[in-house]
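Novice: To start, I am sharing the structure in question, which I have written as structure tokens.
What follows is calculated from the coordinates using simple rules that are stated; it is not laboratory data. This structure is a prediction, so every number in the text was calculated from the model and none was measured. Here Cβ is always computed from backbone atoms with ideal geometry, including for glycine, and neighbour counts include all displayed protein chains.
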2 protein chains.
Amino acid sequence: MSLDSLQTPCLLLDKQKLLNNINRLNKQLARFNVTSRPHLKTLKSVNAAQYMLGDLSAPCTVSTLQEARQFAQAGCKDITYAVGISEHKLPEILDLQNQGITIHILMDSFEQAQFVHAFCRENDCQLSCLIEIDCDGKRAGIKSDDPQLIAIAKILQSAELFSGVLTHAGGAYDCRSLDEIRAMAQQEQAAVRDAASKLERHQISCDVISVGSTPTALLGEGFDQVTEVRAGVYASMDLVMADLGVCQPEDIALSVLTRVIGHNQEKNWLILDAGWMALSRDLGLASQPGGYGQVCDEAGHVLPGLYVNSANQEHGIVVLPNTLSTHDFAIGTLLRILPNHACATAAQHAGYQVISDDEMDYWTRFGGW
Amino acid sequence: MSLDSLQTPCLLLDKQKLLNNINRLNKQLARFNVTSRPHLKTLKSVNAAQYMLGDLSAPCTVSTLQEARQFAQAGCKDITYAVGISEHKLPEILDLQNQGITIHILMDSFEQAQFVHAFCRENDCQLSCLIEIDCDGKRAGIKSDDPQLIAIAKILQSAELFSGVLTHAGGAYDCRSLDEIRAMAQQEQAAVRDAASKLERHQISCDVISVGSTPTALLGEGFDQVTEVRAGVYASMDLVMADLGVCQPEDIALSVLTRVIGHNQEKNWLILDAGWMALSRDLGLASQPGGYGQVCDEAGHVLPGLYVNSANQEHGIVVLPNTLSTHDFAIGTLLRILPNHACATAAQHAGYQVISDDEMDYWTRFGGW
């Protein structure tokens, strides 16, 4: 199978690696008998979702209403919209629910609970509401010991809108070792278990106790009381995950195919036709060594020490180490660039050239809100 | 005109500011009687191109073949593809030329000149070729005193493929004052004039002597012998341009409309529904103070000191100064975020909500290669 017919830059998805990554999470969660609710925000592809979910009607997570609409249309039936709800999005949420979709919404303030409560009363409907718990101080959510937790749950429960609690250990991305990630996974689980116990004491029970991030999903243990685990980037993996030790660079299913379009012999630079428009502006973790991505050869083998060191909109620059010269990379040479952050790189493209041993396919993806 | 009906996040384009910015460059270049060849890579919108070009058949610049195809289809007739050519893209270039489009291609190596020469012989065609000159050591191109310049021009001229020289002062983005930008503009012009004189001494004349970047186009003087000036981001402007002093924040025509979806009272944070997916991962210049963009109120007035300090995929976090509290920004409040880098932020969206005093419009944009 030759990549030579592809226009560059384009996005490659290695199907076998994708399947291996999916299988890895499935096995991990099966070990603990906990439900997987994959996050579809990374690949935003119905084809990929079919492999991630097995059955499209299985539980899934989305980050935008556009994802909710598109995946609902494709057959998803049980969707968690895992971004704090705003009042203006409620009519569309109800519209999806009226199409037979179970859609769970998220909130972390009394104000949100109030407007959802009022909306449901006005529209004579019920929405499934989750309270976001802050397990690591990184983003949204309330702490499990915040008195608001009970107040929010009570107003929701009064109209039978309360479903449970959800947290996301974004802090896992700051961990410096696998042990730290394992500890973060415990912290994540403890935060929602603690919230659930506090609610229990007020006779409010949680049908849903949801945790998730790729590092904590893959390295977590126990999952006691947890009803579901959300992960997204696990399917494709990326250099951030490799840098955290969650995977090896060889596991990364996504790469940007590019060609050498120029040399700067004096500076020992390769100029590529993949700039930040194809790679994204995401520089990954501060601890990562190299700019806009790891350079691999056409077959996908990592070329150690070679990175896209800088990028313009449609130009990438690789500063060669002095053991290599521009003559080693003739103009026209195909290279693959592993992404720092799969979500960001994939978002720069309209679809995936899906490669496997014996065939090529194209899977579209979508963007927008 | 109310923005309240818009789903957030979305991209706003202030039409009057756009027209003012376009007018500013047009007046500047008219002063020096030099042709404008606007770069369409920032907005990638046919509607915007109509205002930038006046007449779609006027000269324009693109950064991808996708832009070349789309703008050709819309009526553009004279297109410079300003990224070093690769052999694999030549059939499509010829295809465009066969549709009656004048398309200029760019190269900076003998190898490229050779394969273009061979391609033209095989296909019994002529392509208009420009040699890229490196005026600032930032990216691609050869120095004007590089002996390759003559060698490349000679092989091209032997088949009547040579049109001229082109440079881009990307180094203008590193300037720390308007005087440094003015000096960079002189350096940019001098580089191509010098290349043209060297070629002249070999009886090779340049029909095209092309320079351009938004800072050097707007602040340059003279433009002697220069036949055309390319600029792209001038139409929308962005915080990078404001930080360089090339415009004021009030001139920026592009912004991301977002709503407050949460508060962290303890940390005095606002949570917005515009994360890096809506804002891009572009952090602008190192000298810029604030994360993912400048916060403005719904009407577009800058809120001094308020930035999107950090961002997840669909969440932006504004750390409020201690003079403000989360109560000043109720959940649901509309805000606008000025982009660090218009090219990167616009690329995250499928189109523009175009706003003016009395009407709203929607202009689509495209991406891809």
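Novice: What list do you get for B:ARG365, B:ARG37, B:ARG182, A:ARG121 if you sort them by fewest beta carbons within 10 Å?
Specialist: In increasing order of surrounding Cβ atoms, one gets A:ARG121, B:ARG182, B:ARG365, B:ARG37.
Novice: Using unit Cβ charges (K, R positive; D, E negative) and no other charged atoms, how large, in debye to the nearest 20, is the dipole of region A:1-138 about its Cα centre?
Specialist: That gives a dipole near 700 debye.
Novice: Sticking with this structure for a sec: Report the paramagnetic label zone for B:ASP207: residues of region B:88-109 whose backbone N is under 11 Å from a point 7 Å from Cα along the Cα-to-Cβ axis.
Specialist: Within reach of a label on B:ASP207, which here means backbone N under 11 Å from a point 7 Å along Cα→Cβ, region B:88-109 contributes B:102-104.
Novice: Compute the angle between helix A:110-123 and the longest alpha-carbon principal axis of chain A, please, reported from 0 to 90 degrees and rounded to the nearest 10.
Specialist: Here the helix axis deviates by roughly 70 degrees.
Novice: Is region B:275-367 rounded, prolate or oblate when judged by the Cα gyration tensor, a ≥ b ≥ c being the square roots of its eigenvalues, rounded requiring a/c under 1.5 and prolate requiring a/b larger than b/c?
Specialist: Here region B:275-367 falls in the oblate category.
Novice: If you bin every alpha carbon distance in region A:153-259 into 5 Å steps from zero, what whole percent lands in each bin?
Specialist: Calculated over all Cα pairs of region A:153-259, the distribution is 2, 13, 21, 17, 14, 11, 8, 6, 4, 2, 1, 0, 0 percent.
Novice: For peptide A:261-274, compute the average count of partner chain beta-carbon atoms within 10 Å of each residue's beta-carbon.
Specialist: Mean inter-chain Cβ contacts per residue within 10 Å come to 5.
Novice: Just B:ASP146, B:ASP328, B:ASP108 to compare: in a GNM of chain B, with alpha carbon springs under 10 Å, which one fluctuates most?
Specialist: Answer for the Gaussian network model of chain B: B:ASP328.
Novice: Can you check what the Kirkwood hydrodynamic radius comes to for region A:1-100, Cα pairs only, in Å to one decimal?
Specialist: For region A:1-100, inverting the mean 1/r across all distinct Cα pairs yields 15.3 Å.
Novice: Sorted from fewest to most neighbouring beta carbons within 10 Å, what does the list B:TYR81, B:TYR51, A:TYR352 look like?
Specialist: Going from sparsest to densest Cβ surroundings: B:TYR51, B:TYR81, A:TYR352.
Novice: How long is the gain from B:ASN98 to B:LEU6 if the chain were fully straight, where each residue apart is worth 0.36 nm and the alpha carbon distance is subtracted?
Specialist: 28.9 nm
Novice: Report, to the nearest 10°, how far helix A:148-158 tilts away from the longest principal axis of the Cα atoms in chain A, using its own Cα long axis and a range of 0 to 90°.
Specialist: Relative to chain A, helix A:148-158 is tipped by roughly 60 degrees.
Novice: Go ahead and set up a Gaussian network model of chain A, Cα springs under 10 Å, then flag whichever of A:GLY141, A:GLY293, A:GLY75 fluctuates most.
Specialist: Sorting by GNM fluctuation, first place goes to A:GLY75.
Novice: Over chain B, calculate the relative contact order: mean separation of alpha carbon pairs under 8 Å at least 6 apart, over the residue count, as a percent.
Specialist: Relative contact order, chain B: 20 percent.
Novice: I would also like to ask the following. Could you pull the Cα extents of region A:22-68 along its three principal axes, largest to smallest, in whole Å?
Specialist: Its Cα atoms span 33, 18, 17 Å along the three principal axes.
Novice: If the chain between A:SER57 and A:LYS267 were fully stretched, how many nm would it gain, using 0.36 nm times the residue separation less the Cα-Cα distance?
Specialist: Here the answer is 70.2 nm.
Novice: Let me ask something else. With a 10 Å radius around each residue's Cβ, average the other Cβ atoms per peptide and rank B:199-206, A:123-130, A:239-246, highest first.
Specialist: Averaged packing, sorted descending, gives the order A:239-246, A:123-130, B:199-206.
Novice: Which percentage, to the nearest 5, of the DSSP beta bridges contained in the protein assembly as shown is antiparallel?
Specialist: If we restrict to bridges inside the protein assembly as shown, about 50 percent are antiparallel.
Novice: Helix-only mean residue ellipticity at 222 nm, chain B, DSSP H runs n ≥ 4 weighted -39,500 (n - 2.57), per residue, nearest 500. What is it?
Specialist: -9000 deg cm²/dmol
Novice: May I ask for the angle, rounded to the nearest 10°, between helix B:15-31 and the longest principal axis of chain B, with both axes built from Cα atoms and the value confined to 0 to 90°?
Specialist: It works out to around 30 degrees.
Novice: Right, something else. In vacuo Debye scattering of region A:32-235, one point per C-alpha: log10 I(q)/I(0) at q = 0.13, 0.14, 0.16 Å⁻¹?
Specialist: -0.67, -0.78, -1.02
Novice: Report the extension gain between A:GLN73 and A:HIS327 in nm, rounded to one decimal, defined as 0.36 nm multiplied by the number of residues separating them, less their alpha carbon distance.
Specialist: 86.4 nm
Novice: For the residue pair A:SER177 and A:PHE110, what label-to-label distance in nm results when each label sits 7 Å from Cα along the Cα-to-beta-carbon direction?
Specialist: Placing both labels 7 Å along Cα→Cβ, they lie 4.4 nm apart.
Novice: Next up: Let me know the Rg and Dmax you get for region A:230-323 when you use only its Cα atoms, in Å.
Specialist: 13.4, 49
Novice: About its Cα centre, what dipole magnitude does chain A give when the only charges are +1 on Lys and Arg Cβ and -1 on Asp and Glu Cβ, stated in debye to the nearest 20?
Specialist: Computed charge dipole of chain A: roughly 180 debye.
Novice: Calculate one ³J(HN,Hα) per residue across region A:39-47 by plugging θ = phi - 60° into the Karplus curve 6.51 cos²θ - 1.76 cosθ + 1.60, and present them in order as whole Hz with x for glycine and proline.
Specialist: 8, 9, 6, 6, 8, 6, 9, 5, 4
Novice: A further question follows. Based on alpha-carbon atoms only, what is the radius of gyration of chain B relative to the globular estimate 2.2 N^0.38 Å?
Specialist: In units of the globular-protein estimate, chain B measures up at 1.06.
Novice: For region A:187-214 and region B:121-191, what is the separation of their Cα centres, given in Å?
Specialist: 62
Novice: Let me ask something else about it. Which of rounded, prolate or oblate describes region B:72-120 when judged by the alpha-carbon gyration tensor and an a/c cut-off of 1.5?
Specialist: prolate
Novice: Which translational diffusion coefficient, to the nearest whole µm²/s, is obtained for region A:314-359 from the Stokes-Einstein equation, given a Kirkwood hydrodynamic radius over C-alpha pairs, 37 °C and 0.692 mPa s?
Specialist: 238
Novice: So how compact is the protein assembly as shown: Cα radius of gyration and Dmax in angstrom?
Specialist: 26.7, 91
Novice: Another question, if that's okay. Which residue fluctuates most in the GNM of chain B (Cα springs below 10 Å): B:SER57, B:SER45, B:SER325?
Specialist: Highest fluctuation among the options: B:SER325.
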